[in-house]
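Step one of this worksheet: look at the structure below.
The values are calculated or read from the model by the stated rules, or taken from the named source; none is laboratory data. Everything numeric here is computed off the predicted structure, so don't read it as measured data. In this analysis, Cβ positions are derived from the backbone assuming ideal geometry, glycine residues included, and neighbour counts consider all displayed protein chains.
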Amino acid sequence: MMNHEMHNHEEMMDRSGDMHDMSHMTHGGHEMGHMHHMDFKKKFFICLFLTIPILLFSPMMGMTLPFTIHFPGSVWVVAILGTIIYLYGGKPFMDGAKDELHDRKPAMMTLVTMGITVAFFYSIYSVVANDVFHVVPKVDDFFWELATLIDIMLLGHWIEMKTVMQAGQAVEKLAKLLPDTAHVLHGEHQMDMPIATLKKDMIVLVKASEKIPADGVIIEGKTSVNESMITGESKLVAKAIEDTVIGGSTNGDGLIKVRVTGTGETGYLAKVGRLIQEAQQSKTQEESLADKVAGLLFYAALIIAILAFVIWTIVSGVSVAFPIAVTVLVIACPHALGLAIPLVSARTTALAATNGLLIRNREVMQTSTHLSYVLMDKTGTLTEGKFTIQTIESLNKMISKEEVLQLAATLEQGTNHPLALGILEAAKEQKISLLQAENTEQLPGMGILGTIHQQKVAFVSKNYLVDQKIPFDKEKFDELASSGVSVSYLVIDGKAVGLITQGDQIKEDAKAFIVELKKRNLTPVMVTGDNEHSAKKVADLLAIGEVRAEVRPEEKAAIVAEYCKLGRVMMIGDGVNDAPALALSDIGVAIGAGTDIAIDSADVVLVKSRPIDVITFLKLSKQSVRKMKQNLFWGAGYNVLALPLAAGVLAPIGFLLNPMIGAVLMSLSTVIVAVNAMLLRIE
């Protein structure tokens, strides 16, 4: 049911090959969706306004209603208004029908177009026959059905586009990450150029604190880069010659020269933008099923109408056969089917928002009914992510506890990792003045190192000590870690001289969350970069049987891929190092307090950062899928029942469906679908 004009626009973009300006591409996609959203809204209200007199001045399938008004020329007023509605309001569906027929896949657009076209031309014929030639008996018109069908279908598409647009801000965010201009080097000369003009192999100069304008490789200089908006990693990443950088990330203090490797639609952000657009425009299985049902109804109505016309022509003549065939085609109009999915989607979105959920990809609601594993990060997901210092120890007589904290805080200043924030907060409380650190380098998953007073200082995890073969007391580490704390070591010139332990609190709803997962036969798996003892402590308290600890950032995605081979996987993370894993999983769930890029990588966002809200999502998904299937049944059931009856299949026993009864059934099925959607609840 997605608008075909948008589909054509995307194909045009894919074929262009010349779109070098990422911001133009992403904003273009967003504006295109916004344009269609506004177009359907405008068409709906204009057509609704024009429909009011039609409802007052014309009968419903030949049935004169108590409020029906007649006056000289009222029929011509209805005909003129009906023509405007048909040509103006019906245009999107006729355009869509052309695409479907071109692809030889008639679906919703074709069925709607057939219904409104037959209703329009037969109604014009009835006006001419009744008011020009004054035929007896009079020929009934279908202007009432024509106007209401177009209104309902425009409303359905407006609701659908509005739902899609709610997730559309992600592409716009990506575009804003890029700067407007780049410092392009031509030999020793520097020229500022719009990023739209950048081409592969150009050399650009990136100064301190500037955004990197395009994907590339460093050919001169070294620096540290903040990639938090791109990768979800909250720390600065050290970069030197031959290291790659991503357009949109922020340069640190260094001055670097970068050879451009990706621009426009070949750049990382452009690729992510396209993935987001595809996710927004993806159809759920129920939406695809609605199109299939509409396609079958199109063929069924066409075949039944032709058979009815032929048989009734033989039995009673063309004058009887023609209106019966037309009634069959008009009754096939999917009033209820057109609203079946959009109304449930809109209701689901509203319920999700009021319960702290942002569903960015509707496809995952169907996927959620087939899950097997729920993988989750520990810090920030199951725990509060607010570390407080438990102990500070000096491992060298030449350094005091205060100096251990001072050196650790000096290295950590400027970073926003939960462990770093705990260190900095403690230093602030104890009014410890910080020193100056130089040449700091982030070690993803292990810590940070730098130079303080000409000494090489590192504040790192046990993994770093093992990798560098630095001696430490393993028994003491095991003893500390077994209590559930995170242990970090201060290293000076290759020797461990101090340690700091920090504790984190388990979220109050984490236990109930795990219990609910198990009730649904879902296997919880903790995947964390924390030490094995600390991870095991939390896992034991929450009764999580499977634990993957001391996992480095790049390993999380591999673990997700491993579980994906065993069944459908949901990954839950707070965004720090979790973005690739979220994107790779069948359902990616981001904790709302996480980084922006992780939220943009996720299918579902927990706005209130509560893991128990995942259960709310699972409940809502189950009910939403059930309502969609029920609405498809009611929407299609009316047509399945009415088509053969309208064709006169029971005429031999004296029953022929009166158009008035058909109209009542049509209206009833639409009301049932609407009420059923509004009754959606989280149970």
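Residues are listed down the side, and each one gets a yes or a no for (1) outside any helix (DSSP H, G or I); (2) in contact (Cβ under 8 Å) with a residue 12 or more places away in the chain; (3) of a type in the set (A, V, I, L, M, F, W, C):
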| residue | (1), (2), (3) |
| --- | --- |
| Gly484 | yes, yes, no |
| Gln502 | yes, yes, no |
| Ala512 | no, yes, yes |
| Glu554 | no, yes, no |
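So which residues in the stretch 330-366 are small (Gly, Ala, Ser) and farther than 29 Å from Gly115 by Cα? So that I can check it myself, show each step before the final result.
The first filter runs over the stretch 330-366 and keeps only residues small (Gly, Ala, Ser), leaving 332, 336, 338, 340, 345-346, 350, 352-353, 356.
Passing the criteria: Ala350, Ala352, Ala353, Gly356.
Which one of these does Tyr563 not meet: (1) touching a Phe, Trp or Tyr at 6+ places or on another chain (Cβ under 7 Å); (2) without any contact (Cβ under 8 Å) to a residue 24 or more places away in the chain?
(2)
Quick one: which helices (runs of 4 or more DSSP H) sit completely within the stretch 371-479 and have at least 1 residues that are modelled with pLDDT of 90 or more and in contact with an Asp or Glu (Cβ under 6 Å, 6 or more places away or on another chain)?
Working: elements: 401-412, 418-429, 462-467.
Counting at least 1 such residues, we get 418-429.
When residues of the stretch 423-444 are filtered for being under 16 Å from Gln502 (Cα atoms) and surrounded by 15 or more Cβ atoms within 10 Å (Cβ to Cβ), how many remain?
Total meeting the criteria: 5.
Can you give me the number of residues within the stretch 508-532 that are at pLDDT below 90 and surrounded by fewer than 20 Cβ atoms within 10 Å (Cβ to Cβ)?
In the first step, residues of the stretch 508-532 are kept if they are at pLDDT below 90; the result is 508, 528-532.
Of the ones still in play, those that are also surrounded by fewer than 20 Cβ atoms within 10 Å (Cβ to Cβ) are 508, 532.
Within the stretch 508-532, residues that are at pLDDT below 90 and surrounded by fewer than 20 Cβ atoms within 10 Å (Cβ to Cβ) number 2.
Looking at (1) under 25 Å from Ala636 (Cβ atoms); (2) in contact (Cβ under 8 Å) with a residue 40 or more places away in the chain; (3) out of contact with any strand residue (DSSP E or B) (no Cβ under 9 Å at 6 or more places or on another chain), which one does Asn355 not meet, given that it meets all the others?
Of the numbered conditions (1) under 25 Å from Ala636 (Cβ atoms); (2) in contact (Cβ under 8 Å) with a residue 40 or more places away in the chain; (3) out of contact with any strand residue (DSSP E or B) (no Cβ under 9 Å at 6 or more places or on another chain), the odd one out for Asn355 is (1).
Looking at (1) small (Gly, Ala, Ser); (2) surrounded by fewer than 21 Cβ atoms within 10 Å (Cβ to Cβ); (3) closer than 23 Å to Leu155 by Cα, which one does Ala107 not meet, given that it meets all the others?
Only one criterion is unmet by Ala107, namely (2).
Pull up the stretch 605-615, narrow it to residues that are modelled with pLDDT of 90 or more and not in a loop (DSSP other than H, G, I, E, B), then point me to the one that is farthest from Ile359 (Cα to Cα).
Ile615
Only one of Phe477, Phe459, Phe472 is closer than 17 Å to Ala238 by Cβ and either surrounded by fewer than 15 Cβ atoms within 10 Å (Cβ to Cβ) or touching a helix residue (DSSP H, G or I) at 6+ places or on another chain (Cβ under 9 Å) (or both); which? Give the steps one after another, and end with the answer.
Values: Phe477 fails: closer than 17 Å to Ala238 by Cβ; Phe472 fails: closer than 17 Å to Ala238 by Cβ.
Just one listed residue meets the conditions, Phe459.
I'm trying to understand the selection: among the residues of the stretch 313-347, which are among the polar types (S, T, N, Q) and at pLDDT below 90? Give the derivation first.
Of all residues in the stretch 313-347, those among the polar types (S, T, N, Q) come to 313, 316, 319, 327, 345.
Listed by number, the residues that qualify are Ser319, Thr327, Ser345.
Would you mind telling me which numbered condition in (1) of a type outside the set (Lys, Arg); (2) without any contact (Cβ under 8 Å) to a residue 24 or more places away in the chain; (3) not assigned by TED's automatic domain parsing to the domain that holds Val404 Glu532 fails?
(2)
Regarding Ala300, is this residue farther than 18 Å from Ala107 by Cβ, among the hydrophobic types (A, V, I, L, M, F, W, C), part of a helix (DSSP H, G or I) and modelled with pLDDT of 85 or more?
Details: farther than 18 Å from Ala107 by Cβ: no; among the hydrophobic types (A, V, I, L, M, F, W, C): yes; part of a helix (DSSP H, G or I): yes; modelled with pLDDT of 85 or more: yes.
In short, no.
Just one of Val491, Val485 is buried (at least 16 other Cβ atoms within 10 Å of the Cβ), out of contact with any helix residue (DSSP H, G or I) (no Cβ under 7 Å at 6 or more places or on another chain), over 16 Å from Ile612 (Cα atoms) and outside the structural domain of Ser368 (by TED's automatic domain parsing); which is it?
On the way: Val485 fails: out of contact with any helix residue (DSSP H, G or I) (no Cβ under 7 Å at 6 or more places or on another chain).
It is Val491.
Are any residues in the stretch 110-147 surrounded by 17 or more Cβ atoms within 10 Å (Cβ to Cβ), more than 17 Å from Asn639 (Cβ to Cβ) and of a type in the set (Gly, Ala, Ser), and if so, which ones?
Result: Ser123, Ser126, Ala147.
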